[in-house]
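Working notes, beginning with the structure itself.
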Amino acid sequence: MHRTSAWPLALIYVALIVFASLFPFEGWRAQGVSPWVFLSARIPPPYWTWFDVNVNVAGYAPLGFLLALACMRSGWPRAAVPVAAVSGALLSLTMEFLQIYLPRRVPSNLDLLLNALGTLIGALVAALLERLGAIARWSRLRERWFVPHTSGALALLALWPWALLFPAALPYGLGQVWQRLEDALVELLEGTPFLEWLPTREAPLEQMSRGGELLAVALGLLTPCLLGYCAVRHLGRRAVLALGVAAVGVAVTALSASLSWGPVHAWEWLTPAARAGTLLGLGLGLALLALPRRACAALLLVVLVLHLSLLNDAPQDAYFAQTLAAWEQGRFIRFYGLGQWLGWLWPYAALAYVLALVSRRENRTRAGDA
């Protein structure tokens with residue numbers, strides 16, 4: 001048996017599936033039909049696309065992988081694949097059952113079959129990798145690359161590309177939420193005396209300058225680099241991490257633009273300010289390779305606060321609002337809420353993690369001095 005993070009990761013992934021399957025969590029009501037009616041529907045349904053097929057298979061494959069890996073690392077190698085496959089199928093059945101009560105969602109027996117297939121594929125991949133020794137090699141690689149007790153930083157780094165996938169007003173511009181929060185509070189408190197207590201800006205937000213855009217892009221790319229430096233000590237490995245962060249950030253932002261406006265517009269986000277900001281962010285990341293871990297954490301706090309301040313003091317343009325509407329009402333409805341919340345909350349989660357990291361180190365230092 002081994003200590004494994006696969007169990008908590010599997011539980012987190014289950015929560016993500018529930019979120020994506022039941023979003024937007026409103027309008028619950030009985031439809032006047034049996035909640036099991038979808039099981040007897042014809043296959044394939046009248047309306048389906050290869051996009052839906054691929055998404056349903058790919059969406060459950062990581063769950064099967066994590067569940068099977070958790071079972072194998074917990075001492076149940078023979079039960080790993082069956083337990084993972086049955087658990088994924090039962091989860092999918094539950095989600096399809098609940099979707100009958102949501103007017104904006106349509107349960108489907110084809111989705112159930114594809115989800116179960118995706119879970120089985122993920123479980124079989126985990127079993128194959130374990131048999132080939134790849135999982136053990138990954139564990140040894142992680143011990144060489146990362147310092148102990150940095151699972152929080154690694155989890156945030158793993159979520160960063162997914163947070164970027166939802167369209168942002170600026171490249172790598174995560175956390176631009178204050179204007180929407182103010183509007184939501186105004187709508188919620190409309191007609192109540194508490195509306196007068198709500199602090200509002202006296203003047204409308206001014207458009208961000210080109211220099212501000214360049215700085216915001218650079219800080220957005222520098223943030224995951226510094227976060228990774230909190231978990232990696234070796235200079236060469238930090239350099240590989242910084243280059244990987246830049247490559248992933250550019251690739252995922254291009255993918256997001258392609259999904260939003262079409263493949264021919266995949267690189268239109270790469271304006272002169274975005275290009276210069278990307279190069280500046282990567283250059284700063286490489287220049288800070290030798291910075292101690294504690295100094296990286298302290299600098300990351302400053303970078304996060306400055307980046308969020310720049311983003312939330314700038315308005316969202318009309319074209320960006322149209323993009324959000326396309327994601328909300330189009331074929332990305334399943335990922336709209338999940339992707340948006342990841343984009344909103346990722347920098348604040350990173351801020352909380354770094355604050356806890358710095359506080360823990362300070363407490364250890366004081367205890368040592370005592």
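The values are calculated or read from the model by the stated rules, or taken from the named source; none is laboratory data. A quick note: this is a predicted structure, and the numbers were derived from the prediction, not measured. Neighbour counts run over all protein chains shown; Cβ positions are idealised from the backbone, glycine included.
When you look at A247, is it at pLDDT 90 or above and out of contact with any helix residue (DSSP H, G or I) (no Cβ under 9 Å at 6 or more places or on another chain), yes or no?
Answer is yes for this residue.
Being in contact with a Lys or Arg (Cβ under 9 Å, 6 or more places away or on another chain), assigned by TED's automatic domain parsing to the domain that holds S21 and assigned to a loop (DSSP other than H, G, I, E, B) narrows it down to one of P107, P103, so name that one.
P103
Which count do you get for residues in segment 116-155 that are within 14 Å of the chain's Cα centre (by Cα) and crowded, with 22+ Cβ neighbours inside 10 Å?
The number of residues fulfilling the criteria is 1.
Taking A30, is it among the hydrophobic types (A, V, I, L, M, F, W, C) and free of Cβ contacts under 8 Å to residues at least 24 places away in the same chain?
So A30 does not fit the description; no.
Among the residues of segment 301-346, count how many are touching a Ser or Thr at 6+ places or on another chain (Cβ under 7 Å) and at pLDDT 65 or above.
The total comes to 3.
Give L69, L90 a once-over and let me know the one that is free of Cβ contacts under 8 Å to residues at least 24 places away in the same chain and among the aliphatic types (A, V, I, L, M).
Of L69, L90, the one residue that is free of Cβ contacts under 8 Å to residues at least 24 places away in the same chain and among the aliphatic types (A, V, I, L, M) is L90.
Restricting attention to segment 250-271, and to residues there that are within 19 Å of the chain's Cα centre (by Cα) and small (G, A, S), which single residue is modelled with the highest pLDDT?
Among residues in segment 250-271 that are within 19 Å of the chain's Cα centre (by Cα) and small (G, A, S), the one modelled with the highest pLDDT is A251.
Could you say whether any residue in segment 225-244 is under 14 Å from G277 (Cα atoms) and at pLDDT 95 or above?
Within segment 225-244 (the criterion being under 14 Å from G277 (Cα atoms) and at pLDDT 95 or above), the answer is no, since none of the residues qualifies.
Identify, by number, the condition in (1) assigned to a helix (DSSP H, G or I); (2) touching a Ser or Thr at 6+ places or on another chain (Cβ under 8 Å) that P45 doesn't meet.
Looking at each condition in turn, P45 falls short on (1).
Could you list, in sequence order, all residues of segment 26-37 that are closer than 13 Å to L102 by Cα and surrounded by 11 or more Cβ atoms within 10 Å (Cβ to Cβ)?
Q31, P35
Taking segment 48-91, which residues are assigned to a loop (DSSP other than H, G, I, E, B) and out of contact with any Cys (no Cβ under 7 Å at 6 or more places or on another chain)?
W48, T49, S74, G75, W76, P77, R78
All but one of (1) at pLDDT below 85; (2) assigned to a helix (DSSP H, G or I); (3) crowded, with 18+ Cβ neighbours inside 10 Å hold for P167, so report the exception by its number.
It is condition (2) that P167 fails.
Which residue, of L289, L243, is assigned by TED's automatic domain parsing to the domain that holds L345 and assigned to a helix (DSSP H, G or I)?
That would be L243, the only listed residue that is assigned by TED's automatic domain parsing to the domain that holds L345 and assigned to a helix (DSSP H, G or I).
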